[in-house]
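**Q** Following this message is one structure expressed as structure tokens.
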Amino acid sequence: ERRDAGEPITAHRDGFPVTPVPLLSFLRRMPRLRTLTLHQVPLAGSGRFLLMSRDTDCDTSRPFPCPELHTLSVSYPHLADELYDVLPITLQKLALRCYPRHYIHLLPGMPAVSRLNYGWNSPILSASEMVALLSRCCCAQLTHLDIEYVADHRDSELLGIISTLFPHLKVLTLLRYR
């Protein structure tokens, strides 16, 4: 199934579409959740996944529904995603990456194989987009950061804001592509 960026994600069970549950509504049922991994592989021709928006979710002006969340990992983060505006201050580990990793698309013969045989692509963020996204995250207690991006004219700025925004980092993983 092909989707445009921002189109709601539709799950399938036994070949039949399942009505998607807004992420905030889903998370509010698990207030003690400590680790959340949202790795989705985009289909060829589709964009990044929009997980949370004012149009599709509950009131995003309320606090994050999982106040004890410690670890969050999201593949292909969407710039318009309001998830990054409401992250809890308890967050210590954040991964904004590709799944599977972007370098698989760079291996000889793999782009054709991944698009044709598996039907997926890798809409990786640029350094400029990563600056915009990380600037919205109020996670001063973050100790682990894992990001994957393509270098551009704001590459130096990205590296600079990481130390400013996340002064308590102990582990930093940068997968940077040129």
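**Q** At 7 Å along Cα-to-Cβ for each site, give me the label-to-label distance between ALA80 and PHE26 in nm.
**A** 1.9
**Q** Separate question: How would ASP152, ASP146 rank on accessible area, largest to smallest, probe 1.4 Å?
**A** ASP152, ASP146
**Q** Just to confirm a number: summing +1 for Lys and Arg and -1 for Asp and Glu over residues other than SER126 whose beta-carbon lies under 10 angstrom from that of SER126, what do you get?
**A** -2
**Q** Here is a further query. Calculate, in nm to one decimal, what ARG136 and SER156 gain on full extension: separation in residues at 0.36 nm each, minus their alpha carbon distance.
**A** Here the segment from ARG136 to SER156 would lengthen by 5.4 nm.
**Q** Taking the Cβ of ASP155 as the centre, find all other residues whose Cβ is under 11 Å away and add up their charges (Lys, Arg: +1; Asp, Glu: -1).
**A** With Lys, Arg at +1 and Asp, Glu at -1, the neighbours total +1.
**Q** What ranking of VAL131, VAL171 comes out by heavy-atom accessible area, probe 1.4 Å, highest first?
**A** VAL171, VAL131
**Q** A follow-up question, please. Could you work out the local net charge near THR143, counting Lys and Arg as +1, Asp and Glu as -1, over the other residues with Cβ closer than 13 Å to its Cβ?
**A** That works out to +1.
**Q** Stretched out fully, how many nm does the piece from THR37 to LYS170 gain, at 0.36 nm a residue minus the Cα gap?
**A** 45.8 nm
**Q** Sorted by packing (mean other beta-carbon atoms within 10 Å per residue), highest first, where do 27-37, 81-91, 158-168 land?
**A** Top of the packing list down: 81-91, 158-168, 27-37.
The values are calculated or read from the model by the stated rules, or taken from the named source; none is laboratory data. Note that this is a predicted model, so its numbers are computed, not measured. Cβ coordinates were reconstructed from backbone atoms using ideal geometry, including for glycine residues, and neighbour counts include every protein chain displayed. The area values use the complete protein model at the heavy-atom level, side chains included, leaving out ligands, DNA and RNA. Shrake-Rupley method; radii C 1.70, N 1.55, O 1.52, S 1.80 Å.
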